[in-house]
Amino acid sequence: MSYECILTEVEGNVGILTLHRPDALNAFNWQLMDEVTLALQAFEKDDNIGCIIITGSEKAFAAGADIKEMQSKDYMTVYKEEFITANWEEATRCRKPVIAAVAGYALGGGCELAMMCDFILAADNAKFSQPEITIGAMPGAGGTQRLARSIGKSKAMEMCLTGRMMDVEEAERCGLVSRIIPLAELREEAIQTAQKIAEFSRPIVMLTKEAVDRAYETTLSEGVRFERRVFHSVFGTEDQREGMAAFVEKRKPTFKHR
Ligand code: CAA
């Protein structure tokens, strides 16, 4: 499959999707989001791939929705075409882990796409904001909800109401990003992290991701109950027997992903 607004490659067991509209700082037009959707679906189907990375350029992960494309839309258009719902949210449907490797600007929809991923590794030049308020709009791809859950109401509210830019140190302090990495090492570090995940038992990785995600959707007691049921189900896998046997026998496990 050939794409115009993204690049895709596979390294080891990692699928890498690079947003690539350099002239527009990777702003999300309809075509780019269609391509992101197709590429993520292809990575999901590929049995060789155990983990996915979404990244951008050194200057911009993405500067958000394409304002030039969005400018002329009216209410009936965005409602009928299901703007955003139609092709922005595939990352949230992936069962394999998706890592956002963010350098430079992650603004508006860019910040929202990064937050749809399972965790964010950020270069030391990364900057995050929800600047929609400055152009007479508001976050529309989950920003008000995921930011509030991720960094708390006060900071989320300030970010959404002022549009201010958050630097990477603040983003790490408040839990938006999991780690800060020197810019020159971001890609390699993201691939190594993804490869490490890809080498664990794939079904158990997917179950673990599902359990952590449940924390966002339910009460603590229901979430713990869900975790317990899923934990019990792990004992029905070959990989659990192999992993524990390998520990006892002081050798590396060979997971068969079943
Ligand atoms: N949409 C369309 N084009 C964009 C863009 C965007 N979101 N962001 C940048 N570009 C384009 C610029 O128009 C410019 O193109 P031209 O050379 O043809 O003029 C090119 O990318 C480079 O941008 P700048 O010259 O502005 O670069 P800079 O380094 O001076 O500034 C920036 C960088 C601070 C990111 C600035 O480009 C900017 O503020 N961009 C807009 C950010 C924004 O408001 N994003 C939110 C979009 S709304 C949204 O995402 C809605 C939602 O929640 C779903």
For this session: Write out, first by first residue and then by second, each pair whose Cβ atoms fall under 7 Å of each other, whose residues are 6+ apart or on separate chains, and whose first residue, in the stretch 19-37, is basic (Lys, Arg) while the second is modelled with pLDDT of 95 or more.
Result: ARG21/CYS5; ARG21/ALA27; ARG21/LEU32
Problem set entry | Scope the stretch 34-86; condition closer than 13 Å to ILE6 by Cα and surrounded by 20 or more Cβ atoms within 10 Å (Cβ to Cβ); matching residues | GLU35, VAL36, ALA39, LEU40, ILE53, ILE54, THR55, GLY56, PHE61, ALA62
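Residue-wise test of (1) surrounded by 12 or more Cβ atoms within 10 Å (Cβ to Cβ); (2) outside any helix (DSSP H, G or I).
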{"position": "THR208", "(1), (2)": "yes, no"}
{"position": "VAL212", "(1), (2)": "yes, no"}
{"position": "THR218", "(1), (2)": "yes, yes"}
{"position": "SER221", "(1), (2)": "no, no"}
{"position": "VAL224", "(1), (2)": "yes, no"}
{"position": "ARG229", "(1), (2)": "no, no"}
{"position": "SER233", "(1), (2)": "yes, no"}
{"position": "MET244", "(1), (2)": "yes, no"}
Exercise. Within the stretch 6-33, how many residues are surrounded by fewer than 21 Cβ atoms within 10 Å (Cβ to Cβ) and over 19 Å from ILE191 (Cα atoms)?
Worked result: 7
For this session: Considering (1) of a type outside the set (A, V, I, L, M); (2) in contact with a Pro (Cβ under 9 Å, 6 or more places away or on another chain); (3) free of Cβ contacts under 8 Å to residues at least 24 places away in the same chain, say which one CYS111 fails and leave the rest.
Result: (3)
For this session: Go through the stretch 38-82 residue by residue and tally those that are within 14 Å of the ligand (Cβ to nearest atom) and hydrophobic (A, V, I, L, M, F, W, C).
Result: 8
Exercise. Of all residues in the stretch 74-93, which are in contact with a helix residue (DSSP H, G or I) (Cβ under 7 Å, 6 or more places away or on another chain) and either hydroxyl-bearing (Ser, Thr, Tyr) or part of a loop (DSSP other than H, G, I, E, B) (or both)?
Worked result: ASN87, TRP88, GLU89, THR92
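The values are calculated or read from the model by the stated rules, or taken from the named source; none is laboratory data. Everything quoted here is computed from the prediction, not taken from an experiment. Because the Cβ atoms are built from the backbone with ideal geometry, glycine has one as well, and the counts that use them run over all protein chains shown.
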